[in-house]
Structures are given as structure tokens and as C-alpha cells.
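Take a look at the structure set out below.
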Amino acid sequence: MPADQGIHMTDKAKRRLKARYAAERRFRLIGMAAILFSLAALAVLLFTILGNGFTAFRQTHVQLEIQFEPDQIAPVGTTDTAKLMQGNYGALITKSLQQRFPEASSRSNRRALEALMSAGAEVQLARMVADDPSLLGQTRKVWLPAHSNVDVFVKGQVDTTAAEADRRIKDNQLGWINALKATGDLELRFNTRFFTGADSREPELVGVWGGVVGSFYTLLVTLAVAFPLGIMAAIYLEEFAPKNRWTEIIEVNINNLAAVPSIVYGLLGLAVFIGFFGMPRSAPFVGGLVLALMSLPVIIIAARAALRAVPPSIRQAALGLGASPLQAVLHHVLPLAMPGILTGTIIAMAHALGETAPLLMIGMVAFIVDVPATPVDAATVLPVQIFMWADSAERGFVEKTSAAIIVLLVFLLLMNLAAILLRKKFERRW
């Protein structure tokens, strides 16, 4: 029954009640519109990233008949890996292309023909021979990566109606590409290199594995530093610290530090860890320390909230049975608060995983082509790698940037999913 039925109300009161109901309806409509707008913006963002990035998971390859001539590589029977890797594999690729397209006789046509193949094709052949020296003197059909310009054309990202001078794929190259397509010697294959390689100057050779490993080491250091320090600080402030002006100042500063821009922590790391202590630049160890400083306030706040949520009766029961205050906290309160602490920690780690600005300040923007083996090796992280690719002028880096964003989003979603599952599994209602 509406509130105004059965109750004597003045006309003025009825008008106010009607206006209040109308305001409530408007508020609901505004809230629903805000939610719909947010979902639409998120859908557009995800659609754009997926639309630009899913093509990077496939790479154009060309099948060539390669004659592994000993005079261009090494004598038959050679097993020295260093000598086998130093062979003139570019000459083998050029000879195979010229045999396939003998009409490319002029110097300019030969250069245009050689430009169809990636620089990584020579490295792939060198590794094949180094792994199997018996290939010397034999002829094999091998699938080799095409150049990025060929790849973007095959994927339909080149306007062939534009003037020849305005595009990187020339008319003679278009004819050769179509001829390779017609014979089935050019096709899109799954781009395993993108998931197993590191950074490169060539878009068709880049991979995210170096950034993934660098991010792993960085987060490992962050977790090892921030997690124990954050829990110990939260336990002291919540359970043992006296309530006075000093602890109030500490609490206010912790809350303020959680809102400090991340680049400030990068400046702090640059000045203290690198400038004062002389730690190496571009190292995940230094990056982890910087991100640990940034994550500490978030972990402390989440841990204090989790400790505060444990009923006082737990502490009182433990103390009543003879436990010391420290035993009551460590043996009874902390295990019950751990699900909430873990949830807050994972969210803080997910936030740290997506940070770029503080890592740029400590030099993790360097061009690193090797996958780091330890936390003190030079490395980059996935967000910084995305930043570097997005800043590149090569057309092939556009899809690689979006694909790397997809990989990063998958990691972030998995970490947030883990936080939700931990909360659901261990949460207790009092």
C-alpha cells in the first residue's frame, strides 16, 4: 500500500512526497544510464583491442626450397655450432627466391625480392643447421617468416588502391606474393614466436616472453618485500600500537601514501636505490623494490581491515585460556584474517603488474633482446614493452601492441579471479 493511502495528508505534503518519488526514479534512471554507459565504453575498448590484436597471433610464412650448400655454410661433417651459425644463409634464401622468380633479374628487382623475407629467416636456417648438421649438402622445403610489410598486406591492412609511392609494398612485390599464394607457398601460421621470443626491432620477430619473465621476477620481488612488511605493520598498528598522536600521524600518512601518483615512487627509487645505493638499472630486483613501496600502503590498509573484521570474542577467548597477546594474534586472529589479507595483496599485485611510470624512471625502458635469467639481469616488463611498441612507427607493431595488451589483460583477469576465489573459499561470516 502506498504511504499516502489511508493517511490524511495536506496537499503540500502530497506534493513533496510526489516530488520525492520522482527524484528517486530519476536517480535510478541516472544510475542505470551510468552503468550502461560504462559497459558500452568497456565493450568498445575490448572490441577495439581484440579487433586490432587477434591478427598478431598468426604470422605470414613463405615456403622456400633451400639448398644447404656447404660452400656457403661450412664443409660437410662440421659440427662446430659457432661455425655453422656464421654461414651465409642470406645467400641461400636469395638464390631460392631467384630460382622461383627468374624474371627478377635487375638489381632493384632483386632487392625488392629479398625484402619479402624477414631477417629472422636467416637465423631460423642457422639454428636448423646447428641443431642438425646433416642438412649440409641437402635440399629441403622450409617455411620461413615473411617481412612485416608482407604480413600486414596479407592480413588486409594495406590499401592497395593507393599510389605505389605511398605504400611499402610495391607492384612487383604484389605479383610475387600473389604467385606464392596461388601455389600454396604463402600462408598464415600460428605465431609461436610471439609467445616464446623477446623484443626485436622487426615487428614480425617480437615476442612477449621476455616481458612476461621480467614481470614475473619484478612481482616476485614485490611480493617478497611488501607482503611480510605489510602484514607486520598492520598487526602492530591494529593490535599493539598505542592510540596516541604519533600513531594517528602514521595512519594518516599510510592513507595518503596509497593515493600518491606512482611516478613519485619511481623518482624515489631512482634517487635512493640507483643514485644512493648504486643498484643496476633495468633490473627486476630494483623494479620490485619500487613497486613494493607503492604496494605497501594498499596491503597495510587491506590487512588492517581484515584484522578488524575478526570478532573481539576470538581474542578474548584466546587470552582467557592463557595465551599471550602475541600468541592470540598469530595463532587465532591472523589465520582468520588471512583470506582478506590475501585478497588485498593479490589486488595490490595486479595493480603493480600494470604500472609503467615508476619503472620508466629506473630505466626499465631499455631495449632488451634477451630473456632475463635472474632478478638482477637487465629486463623489461610487459607494460613497458607495450609502451615501447605503441611508440614505434612501424605498422606491424600496431597489432603486436594490442596483442600484448590482451596478454596483460588475461594476467590481470586471472589475478583478480584468484582474489575472488580466495574470498569465496575462505570467507567466514560472523
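DSSP loop trypsin sites (Lys or Arg not before Pro) in the range 22-83 with at most 10 other Cβ atoms within 10 Å of their Cβ, which ones?
On the way: sites: R25, R26, R28, R58, K83; in loops: none.
Answer in residue order: no site qualifies.
Please list 104-115, 41-52, 120-131 highest first by mean number of surrounding beta-carbon atoms within 10 Å per residue.
In descending order of packing, they fall as 120-131, 104-115, 41-52.
Name the helices (complete DSSP H segments) of the chain with a Cα length along the long axis of 24 Å or more and a Kyte-Doolittle mean of at least 1.6, or state none.
The answer, listed by residue number, is 209-235, 284-309.
Test of understanding: what is the full-extension gain from A13 to A366, defined as 0.36 nm times their sequence separation minus their Cα-Cα distance?
Computed gain between A13 and A366 is 120.1 nm.
If amide H atoms are built 1.01 Å from N in the plane of the peptide, which residues on other chains or at least 5 residues away come under 5 Å of the amide H of V62?
Hits under the 5 Å cutoff: L144, A146.
Loop-only check: which trypsin sites (Lys or Arg not before Pro) in the range 164-268 are DSSP coil with at most 11 other Cβ within 10 angstrom?
R201, K243
Add -39500 (n - 2.57) for each DSSP H run of 4 or more in the chain, then divide by its residues: what number comes out at 222 nm, to the nearest 500 deg cm²/dmol?
Numbers: 18 runs with 256 residues, N = 430.
Computed mean residue ellipticity for the chain: -19500 deg cm²/dmol.
In the chain, what percentage of the DSSP-assigned beta bridges are antiparallel, given to the nearest 5?
On the way: 13 of 13 bridges.
Close to 100 percent.
Please calculate how many Å² of accessible area the chain carries per residue, with a 1.4 Å probe and no DNA, RNA or ligand atoms counted.
Accessible area per residue: 54 Å².
Which of the chymotrypsin sites (Phe, Trp or Tyr not before Pro) found in the range 246-279 are loop residues per DSSP with 11 or fewer other Cβ atoms within 10 Å of their Cβ? Intermediate values should be presented prior to the final figure.
Working: sites: W246, Y265, F273, F276, F277; in loops: F277.
Passing sites in the range 246-279 are F277.
For the range 96-197, which whole percent of the accessible surface, found with a 1.4 angstrom probe, sits on carbon and sulfur atoms?
47
Is the shape of the range 96-211 best called rounded, prolate or oblate, per the rule: a/c under 1.5 gives rounded, else a/b larger than b/c gives prolate, else oblate, with a ≥ b ≥ c the square roots of the Cα gyration tensor eigenvalues?
Oblate, since a/c reaches 1.5 and b/c is not below a/b.
Can you bin the range 298-378 into rounded, prolate or oblate? Criterion: square roots of the alpha carbon gyration tensor eigenvalues sorted a ≥ b ≥ c, rounded for a/c under 1.5, prolate for a/b above b/c, oblate for the rest.
Working: a/c = 4.58, a/b = 3.01, b/c = 1.52.
Prolate, since a/c reaches 1.5 and a/b exceeds b/c.
At 1.4 Å probe size, with the rest of the protein present, what percent of the exposed accessible area of the range 220-351 is carbon and sulfur atoms?
72
How many angstrom lie between the C-alpha centres of the range 253-317 and the range 164-217?
Between the Cα centres of the range 253-317 and the range 164-217 lies a distance of 41 Å.
The values are calculated or read from the model by the stated rules, or taken from the named source; none is laboratory data. Nothing here was measured: the structure is a model prediction, and the numbers come from that model. Methodologically, a virtual Cβ is constructed for each residue, glycine included, from the backbone with ideal geometry; neighbour enumeration extends over all protein chains shown. Ligands, DNA and RNA are stripped out before the accessible areas are found, and what is left, the full protein with its side chains, is counted by its heavy atoms. Shrake-Rupley method; radii C 1.70, N 1.55, O 1.52, S 1.80 Å.
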